[in-house]
Amino acid sequence: EKELEWWKTTIFYQIYPRSFADSDNDGIGDLNGITSKLEHVKEIGAGAIWLSPIFQSPMYDFGYDIADFYAIHDEYGTMEDFEALLAKADELGLKVILDLVPNHASNESMWFQEALKGNEKYYNYFVWEDGVIDENGNMQPPNNWRSQFRGSAWEYREEVGKYYLHQFVVGQPDLNYRNPDVVEEIKNVIRFWLNKGVAGFRVDAVNCLFEVDKDLYGGKYPDEPLSGRRDVDPGSYDYLAHIYTKDQNETYYMVYDWRDVFEEISAQDGLERVMMTEAYATIQDVVRYYGEGERKGPQMPFNFNLITDVDASSSAADMKHTVDKFLTYKPVDKVSNWVVGNHDNSRMASRYGSSLVDGINMIVLLLPGVAVTYMGEEIGMIDGEVSWEDTVDPSGCNTNDPINYYKSSRDPERTPFHWNAEKNAGFSTAEKTWLPVAQGYETLNVEVQKAAEKSHLKIYQALADLRRDDVFRLGRYDSLALNKDVFVFRRWYKGENYLVLLNMRDKDYTLDLTYFENIHGNVTVVLSSIQSPKDEGDTYPAFAVPVVGFEGLV
Ligand code: TEU
């Protein structure tokens, strides 16, 4: 019974394999590197890792373009290396989650190559359309659909005389989910890895799985309407609404079917497998993944609101609204989750400002439910500065803009992890790493922060310890925006109260605790951020708790 619930109160730690640790010093992270550093994950108090894709890939989208869903990418190691990683994780009591990328395959996959050769089975794995002839007699893509990485979502292939759909880069042809063979193939991929002992999957770009049924539109995929957004340039993805390629009804039922496959494997050994889904969507669409009636969905439809809805300029009311929104929409019998960073978004320290690193970690680790930490957020890493020459992310390169590329590039949040103050921050001894090491590694690294009396890492560890307390595992929640700068929430259980105070500005306030019922007498500071001059152990009368400097937990 306890084992079945292993995921509910744990911290999931995301590792981007290319950038965590490089065991063979070729400048690219690998599986043996990860295995050698799993103690770090254990030490910060996480209970599971989720790995961005480790499968065979030509790396046009750094592993999200999979050429062989059943094999390990050679730069990362071998199947034996992966089994050793699993064994080491098991020894440390860590669960391992892999990335399932079901929306597309690589154009170098056997599936796509066979399709080009006219093999009908594999031709039907993909989404093909005829071009249209314009007034000058030139062939044009079937409609206005756009790739998330700019340009048309359609690419012509002479071999078959048709265009194929790719919602991401050209090298990522979309799989056709209206073909039962594709549905079965991906279920087999899930079975293959779950049977190998992985504890679940993070499911990539899940809301892009299905396109609209074109038969409902006279056999032709309709043009996307405009999104109405004026803040984005007309060439960009967000200029269109994407109502025909995203968030289709069928997607949810596919995901519920996958959960059934998870259950099928769990029934063999009694270990609950966890699914996390990646969908940047409205709150209503996100919570719909949890399930419907008897159908179960992912335990963790990723909640990205702390990434997408708030940043350094937000008020305490914005923060309260963002947090409360997820808790309000979430079905009562489901578990909430909090994601504050990943390999697609500017780092938490860069979005919120370095002074809020401890405060945001406090929120993520002490709110009810599961916490998700992207590697480096525990030491407050900031976005790397990657020159145009060094830019490799297609999202940056495809802008063709040596001045503004960095606004689209995801390289800054993917730079090598900082282990120590040595060469390449201890990531690798290679002359050149695949992405340059970010600034600040001399202090923003594991070794220095472990040795320091107080550091982001030390606070993170203290938070991970605290969240094992019943108040944080089981306790209730309420919240308050004290004023425009201070967000406060309370967790309580059986008469025990904790207040988490997030002062979002460098300004002092006094908090009147009578706002919260049932808090009387004295309160004691349990933990405070690096910047706060308030010390742990300080005691205040309940009606006047100073919220000094940046943040604190009383
Ligand atoms: O991202 C899906 C997705 O929707 C992204 O376009 C996301 O909106 C964007 O990167 C935010 O900046 C997933 C992966 O996380 C991403 O790394 C892949 O490039 C993408 O799928 C394609 O597989």
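The values are calculated or read from the model by the stated rules, or taken from the named source; none is laboratory data. Since this is a predicted model, take the numbers as computed values, not measurements. Don't worry about glycine lacking a Cβ; one is built from the backbone with ideal geometry, like all the others, and counts go over all protein chains shown.
If you take the residues in segment 12-65 that are surrounded by fewer than 22 Cβ atoms within 10 Å (Cβ to Cβ) and in contact with a Ser or Thr (Cβ under 7 Å, 6 or more places away or on another chain), which one is farthest from Ala438 (Cα to Cα)? The extreme case among them is Gly47. Taking segment 238-266 only, how many residues are polar (S, T, N, Q) and over 22 Å from the mean Cα position of the chain (by Cα)? Number satisfying all stated conditions: 2.
Among helices (runs of 4 or more DSSP H) entirely within segment 321-411, having at least 1 residues that are in the same structural domain as Gln299 (by TED's automatic domain parsing) singles out 348-352, 357-366.
Of the strands (runs of 3 or more DSSP E) lying entirely inside segment 438-554, those containing at least 3 residues that are in contact (Cβ under 8 Å) with a residue 60 or more places away in the chain and either over 24 Å from Ala312 (Cβ atoms) or touching a Phe, Trp or Tyr at 6+ places or on another chain (Cβ under 8 Å) (or both) are 476-481, 486-493, 496-503. Listed by position, the strands (runs of 3 or more DSSP E) contained in segment 145-261 that have at least 2 residues being in contact (Cβ under 8 Å) with a residue 60 or more places away in the chain and not aromatic (Phe, Trp, Tyr) are 200-203. Scan segment 102-115 and tell me whether some residue there is surrounded by 15 or more Cβ atoms within 10 Å (Cβ to Cβ), more than 14 Å from the ligand (Cβ to nearest atom) and more than 20 Å from Asp68 (Cβ to Cβ). Scanning segment 102-115, I find no residue that is surrounded by 15 or more Cβ atoms within 10 Å (Cβ to Cβ), more than 14 Å from the ligand (Cβ to nearest atom) and more than 20 Å from Asp68 (Cβ to Cβ), so the answer is no.
Residue pairs whose Cβ atoms lie under 7 Å apart, separated by 6 or more positions or on different chains, with the first residue in segment 51-67 and over 19 Å from Leu85 (Cβ atoms) and free of Cβ contacts under 8 Å to residues at least 60 places away in the same chain and the second within 12 Å of the ligand (Cβ to nearest atom) and among the polar types (S, T, N, Q), are Ala67/Ser57; Ala67/Ser106.
Go through segment 362-420 and give me each residue that's at positive phi and either more than 20 Å from the chain's Cα centre (by Cα) or within 14 Å of the ligand (Cβ to nearest atom) (or both).
If the condition is that a residue be at positive phi and either more than 20 Å from the chain's Cα centre (by Cα) or within 14 Å of the ligand (Cβ to nearest atom) (or both), then Asn400 is the only one that fits.
Here is a yes/no grid of residues against (1) at pLDDT below 95; (2) away from the ligand (no atom under 16 Å from the Cβ):
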| residue | (1), (2) |
| --- | --- |
| Asp269 | yes, yes |
| Arg273 | no, yes |
| Lys296 | no, yes |
| Asp309 | no, no |
| Asp318 | no, yes |
| Asp333 | yes, yes |
| Val340 | no, no |
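Among residues of segment 507-554 being in contact with a helix residue (DSSP H, G or I) (Cβ under 7 Å, 6 or more places away or on another chain) and of a type outside the set (A, V, I, L, M), the one that is farthest from Leu457 (Cα to Cα) is Phe543.
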